[in-house]
Structure formats: C-alpha cells, structure tokens
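What follows is calculated from the coordinates using simple rules that are stated; it is not laboratory data. Predicted, not measured: the structure shown is a model, and the values here were computed from it. Positions of Cβ are backbone-derived with ideal geometry, glycine not excepted, and every protein chain shown enters the neighbour counts.
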Amino acid sequence: MIKKHWYKILAVGLILYTLWFGLMGDVPRKVVLNESIRNLYFHVPMWFGMILILGASAFHSIRYLIKPSMLHDTKADSTAKVGVLFSLLGMATGMVWAQFTWGAWWSGDPKQNTSAIAILIYLAYLVLRGSFNEEQQRARISAVYNVFAFACLIPLLFILPRLTDSLHPGNGGNPGFGAYDLDNRMRLVFYPAVIGWTLLGFWMASLRTRILTLQQKEHE
Amino acid sequence: MMQSFTALLRHEFLLEWRQRNALGGILLYVVSTVFVAYITFKVVPPLAWIAIYWVIMLFAGTNAVAKSFMQLSPGRMLYYYSTVNPLQLVAAKLLYNTLLLWTIHLLTALVLSVLVGNPVQDMPWFLFTGAVGIIGFSGILTLVSAIAQKASNQSTLMAVLSFPVLIPVLVLVIKLSKNALDGLDRAVGYESLGSLLAINALVVAVALLLFPYLWKD
C-alpha cells in the first residue's frame with residue numbers, strides 16, 4: 001500500500017471541499033431533481049470508488065495467484081471489505097435519493113438490482129473467506145473467486161442495465177452525466193469528489209491491511 | 001493432447017454410468033420439482049411458466065454440477081493430480097456438464113409441457129437460446145463447484161457463490177425465453193443473444209484460466 005502521506009492530506013482536503021461546495025455551492029434548478037441533484041457528489045462517487053477499489057482487490061488477487069504472498073491476500077481482503085462498504089453506502093444514498101425523486105425506496109430499477117447483485121457477490125466472497133482453516137488455501141481459493149467474480153461483475157454493471165429501460169439518470173432518455181456536466185460549476189465539485197472519496201477508500205483499506213499484518217505477525 | 005482430452009471425457013461418462021443412482025437422482029429431482037410446481041399452480045400463467053422453468057433449471061443444474069468435483073475421493077484427486085493436465089480436466093468437466101445440463105434442459109421442457117401444458121409459441125428458438133445460456137451456466141457452476149469443494153460448508157457455498165454470478169446469464173436467457181414465448185421475430189433477440197454469447201465466452205475463458213490455480217494444492 002502507498003506509505004506516503006500526501007494522498008491522505010489530499011483525500012481530507014478534497015472531501016472537505018466536496019462537503020462545503022457540495023452542500024453550499026450553487027446547483028442548477030431542475031424539475032423533480034431540485035436540491036437532490038447534490039446527491040451526484042455523494043452517491044455517484046461511491047460507485048466510482050467501489051469499482052476502482054474492487055478492481056484493486058481483483059488486481060491484488062491476480063498478484064497473489066502469480067506470486068503467492070500473504071501481503072497480497074491481506075490487501076485483496078481489506079480492499080474487498082472497503083468495496084462492500086462503498087457499495088452499501090452507494091446503495092443507501094441511492095435509495096434515499098430514489099425515495100424523493102422516484103417516490104419509492106426500491107423500485108426494481110435495473111441499476112438497483114445489479115448493484116444488489118454486486119453486493120451479494122462480494123458478501124459471498126467474504127463468506128468463502130470465512131470457510132477455510134488453512135491460510136494458504138484460503139488465500140489461493142478466495143483469490144480465484146475474487147478474480148472470477150470481478151470478471152462477472154463488469155458485464156453485470158455495464159451491459160445489463162443498458163438492455164432494459166431504466167429511470168436512472170443516464171438511461172432511456174433521462175438526463176445523465178452529459179446533461180449535468182454541461183454545468184461547469186458542478187463538474188468542479190464532482191471530479192474532486194470522486195477522487196477524494198476513492199482516496200479515502202484506499203486509505204481505509206491500507207489501515208486495515210496494516211492492522212491485519214500486525215495481527216498476523218503477533219500470531220507467529 | 002486431444003487424445004487425453006477424449007479419454008477424460010469418456011472417463012466422465014463412465015464414472016457417471018457407474019453411479020447411475022446419482023444421475024437418476026438428478027433426473028428424478030427435475031420430475032418431482034416440476035410435479036410440485038404443477039400441484040401448487042394447477043394452471044400456470046405463461047409468464048410464470050418461464051419463471052418456473054428457469055428456477056427449476058437453476059436448482060437442478062446447481063445440484064447436478066455440484067457433484068462434479070465434490071464426489072471425487074481424495075485418492076482419485078491425487079491420481080488426477082499426478083497424471084492429468086488441469087486444463088484438459090476442466091475442459092472435459094465443462095463439456096460433460098454442458099451435455100448433462102442440456103439433457104436436464106430437454107427433460108424439464110418435456111415434463112413441464114406434458115404436465116402443465118406449453119404456452120411457448122416458438123419452441124425451437126426457446127430450446128436453442130436456452131441451450132446457449134446453459135453453456136454459461138455450465139462454465140460458472142463448474143468453476144464454483146471446484147471452489148466449493150475445497151471449503152468446509154460445501155453445499156451452502158455452492159449456492160451462495162454461484163447464484164449471484166449466474167444472474168447476468170439468467171436475466172439474458174429469460175429475456176430470450178420471453179421472446180420465444182410471445183413468438184416474437186427472432187431478430188428481436190439477436191442483441192441479447194450476442195451479449196449472452198459474449199458473457200459465455202468470458203465466463204468459460206476465465207474459468208479455464210483460473211482452474212489451474214485451484215488445482216495446485
């Protein structure tokens with residue numbers, strides 16, 4: 001994991017910036033969306049962060065398969081856990097938003113369904129990790145599942161929602177990123193928000209990796 | 001290379017034939033599930049027909065493939081391990097499981113049609129698209145059964161690990177089945193069929209790529 005401090009400072013700075021300008025900054029007035037458009041700074045970065053963090057987890061698993069080392073396995077484990085946390089937060093922020101714009105917490109939207117499936121897949125990964133006694137075996141087999149799951153997650157998140165109609169912004173004639181991005185003020189908050197939240201996720205994962213590594217050393 | 005692959009495939013058939021009980025069990029599983037569906041529903045609305053069909057396929061398929069690695073005794077594992085190339089082994093298992101699932105596919109269609117009737121208007125297309133989807137089923141279930149076999153709570157893991165991963169294939173195949181049910185023009189489903197083939201290719205490729213790592217113990 002990155003041992004430097006600059007990215008932690010950057011993460012805190014960007015998140016403070018996001019919180020301030022995300023809540024206080026000017027946003028375009030749109031019908032139905034109104035103030036809820038600010039969710040773009042909190043909900044969407046969770047998904048971007050989740051994909052990147054889960055991608056990092058799959059990457060560490062691949063590295064483990066190529067060159068078995070417990071550190072790679074610990075990293076894959078902690079990044080997957082942070083990824084699950086991000087997906088749950090993304091789900092929660094999305095549901096609150098959906099209640100006030102679509103009128104229901106859960107409306108079986110393709111994006112909601114696919115994200116629920118993604119959560120199930122990674123919870124299954126955590127269950128799998130829990131069902132081995134032998135460390136090496138746990139590391140190797142869960143690495144295989146992690147890579148397989150991530151390979152299946154990609155078509156799930158990007159192809160399937162596009163096959164059916166959806167109310168989600170960016171689908172079926174609903175305004176998506178293109179429309180929001182026309183507003184430069186929002187773009188100035190949105191991109192830093194994505195970077196800030198993602199860096200925070202990696203920071204959390206690195207802390208968890210360090211704790212787990214210390215615990216492993218204590219055991220030995 | 002090819003020779004040992006066909007030998008392995010033949011071996012799979014022989015093994016299955018020696019354990020006819022297991023095969024019979026799976027086939028009976030299909031028949032009794034269909035019968036339960038028939039008794040509980042009596043009259044099945046067309047859309048529910050598709051749903052029942054794929055739920056039965058999902059459970060029967062998971063059970064059928066689950067034994068492909070779990071029933072291997074430690075001695076036989078060791079024998080395979082020292083004599084067989086893992087890639088050939090998994091390819092043989094994959095092909096065998098696909099054939100097995102295709103059999104279940106036909107059997108389910110037959111029994112369900114006899115007992116509750118068949119509302120599908122374009123049956124050949126239904127069977128064909130279903131068979132394509134089953135290749136993906138087979139790829140996912142074969143790898144997951146190899147994973148679950150190593151862990152402690154095998155049967156729970158088999159379902160927990162495979163169901164969420166199966167959903168993309170399931171969603172596409174159900175969409176194609178619905179088209180066949182309504183007798184829509186086949187061209188309507190080409191896009192979904194293309195995605196299904198792409199997912200199949202991905203799943204099979206990743207399964208073949210990853211299996212050797214599971215194998216070295």
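A few remarks follow.
- Förster radius 22 Å - calculated FRET efficiency between residue B:41 and residue B:182, Cβ distance, rounded to 0.05: 0.65
- Cβ-derived FRET efficiency at R0 41 Å, residue A:135 paired with residue A:7, nearest 0.05: 0.85
- Rounded tilt (10° steps) of B:123-150 against the dominant C-alpha axis of chain B: 30
- Cross-link pairs beyond the 32 Å C-alpha cut-off, checked among A:4/B:150; A:67/A:111; A:111/B:67; A:4/B:216; B:93/B:178: A:4/B:150; A:67/A:111; A:111/B:67; A:4/B:216
- Annotation: average projected area of the protein assembly as shown is 24.4 square nanometres, based on the convex hull of Cα atoms across all directions.
- Since only B:104, B:79, B:7 are under comparison, the one whose Cα sits farthest along the positive direction of the charge dipole of the protein assembly as shown, derived from C-beta charges on Lys, Arg, Asp and Glu, is B:79.
- Theoretical FRET efficiency, 1/(1+(r/R0)^6), r = Cβ-Cβ of residue B:121 and residue B:72, R0 56 Å, to 0.05: 0.85
- Here chain B is assigned +1 on the Cβ of each Lys and Arg and -1 on the Cβ of each Asp and Glu. Its dipole about the Cα centre then comes out at about 480 debye.
- Debye log10 I(q)/I(0) at q = 0.10, 0.15 Å⁻¹ for segment A:1-141, Cα point scatterers: -0.46, -0.88
- Excluding exposed DSSP-loop trypsin sites (Lys or Arg not before Pro) (at most 15 other C-beta within 10 Å), longest clean stretch of chain B: B:43-215
- Unit charges on C-beta of K, R, D, E only; dipole of the protein assembly as shown, Debye: 840
- Based on C-alpha pairs under 8 angstrom that are at least 6 apart in sequence, chain B has a relative contact order of 27 percent.
- Principal-axis tilt of helix B:74-83 within chain B, Cα atoms, nearest 10 degrees: 70
- Its residue count N fixes a reference of 2.2 N^0.38 Å for segment B:2-215, and the Cα radius of gyration divided by that reference is 1.04.
- All distinct Cα pairs of segment B:24-133 go into the 1/r average, and the inverse of that average, the Kirkwood radius, is 15.5 Å.
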